[in-house]
Amino acid sequence: MGRVALVTGGSRGIGAAISMALKNAGHTVAATYGGNDEAAQKFTSETGIKTYKWSVADYDACVNGIKQVEGDLGPLEILVNNAGITRDAMFHKMTPQQWKEVIDTNLTGVFNMTHPVWNGMRERKFGRIVNISSVNGQKGQAGQANYSAAKAGDIGFTRALAQEGARAGITVNVIAPGYIGTEMVKAIDEKVLKERIIPQIPVGRLGEPEEIARCVVFLASDDAGFITGSTISANGGQFFS
């Protein structure tokens, strides 16, 4: 059954793979993006998926953007909170601004996007919310106190909200990817990838964005109605929780 889905950060990387997988599964999909107009326009022209520009760190922008999407496509039934940024620095060098930007986007942004759709999902007695966390939100990572804190917060948010939504037919789950072969990861020095990162991954390779997308498609489906508050650790065996 096709439903209306919104993917934040949905025009590039993991988000683009999620948007396309949901479309291929029969859903009507919209994708948000924060700043790269050229990439968003190219994504829309290639896939036919509508893109909308706003910052998930701005609550009012989320409210107004969601209204526009619902006006164009209909009530949102599936929300994938994928948008995220990094501002890496060792903690003794981290600035309050670096901390705030990451928390505002990666954690508060999940609230900002979920809160405006929650009552509608409750009234319709159906909703699928999938939050994209990270292996570093599970195990921590030096140089990413801000990112790890935000992504760990996403997991706590998911577990709490799942309990509130269960009786209303809303499931809330989280996927924690490991190292995925996106443009950002592939831009890492090849020697660092081969000698320091990939040896940490028992399956011996980077993940593919499509592998995360397939997890989302399942969690967003009607078949996943008995799964809520769960974390899927898609990291090639790098970390178990």
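The values are calculated or read from the model by the stated rules, or taken from the named source; none is laboratory data. Here the structure is a predicted model, which means the values were calculated and not measured. Please note: Cβ atoms are built from the backbone with ideal geometry, for glycine as well, and neighbour counts cover all protein chains shown.
Some values worked out for this structure:
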{"read-out": "Tally, over segment 24-43, of residues that are touching a helix residue (DSSP H, G or I) at 6+ places or on another chain (Cβ under 7 Å) and either of a type in the set (Phe, Trp, Tyr) or surrounded by fewer than 23 Cβ atoms within 10 Å (Cβ to Cβ) (or both)", "value": "4"}
{"read-out": "Filter pass, residue 163 being in a helix (DSSP H, G or I) and surrounded by 20 or more Cβ atoms within 10 Å (Cβ to Cβ)", "value": "no"}
{"read-out": "Selection from segment 120-149 of residues that are in a helix (DSSP H, G or I), within 15 Å of residue 175 (Cβ to Cβ) and in contact (Cβ under 8 Å) with a residue 24 or more places away in the chain", "value": "135, 137, 138"}
{"read-out": "Candidate set from segment 169-216 (those that are among the β-branched types (Val, Ile, Thr) and surrounded by fewer than 21 Cβ atoms within 10 Å (Cβ to Cβ)); member that is farthest from residue 18 (Cα to Cα)", "value": "192"}
{"read-out": "Residue list for segment 9-23, filter: touching a helix residue (DSSP H, G or I) at 6+ places or on another chain (Cβ under 6 Å) and among the hydroxyl-bearing types (Ser, Thr, Tyr)", "value": "11"}
{"read-out": "Single residue of 178, 236 found to be of a type in the set (Gly, Ala, Ser), over 23 Å from residue 98 (Cα atoms) and modelled with pLDDT of 95 or more", "value": "236"}
{"read-out": "Complete set of residues in segment 54-70 that are among the acidic types (Asp, Glu) and not in a helix (DSSP H, G or I)", "value": "58"}
{"read-out": "Pairs where the first residue, in segment 225-236, is touching a residue at least 40 places away in the same chain (Cβ under 8 Å) and assigned to a loop (DSSP other than H, G, I, E, B) and the second is among the hydroxyl-bearing types (Ser, Thr, Tyr) and surrounded by 15 or more Cβ atoms within 10 Å (Cβ to Cβ), C-beta under 8 Å, 6+ apart", "value": "225/171; 227/171; 228/171; 229/158; 235/179; 236/179"}
{"read-out": "Matching residues in segment 12-53 - criterion: being outside any loop (DSSP other than H, G, I, E, B) and small (Gly, Ala, Ser)", "value": "13, 15, 16, 17, 19, 21, 30, 31, 39, 40, 45"}
{"read-out": "Meets criteria (buried (at least 18 other Cβ atoms within 10 Å of the Cβ), among the β-branched types (Val, Ile, Thr) and modelled with pLDDT of 95 or more) for residue 63", "value": "no"}
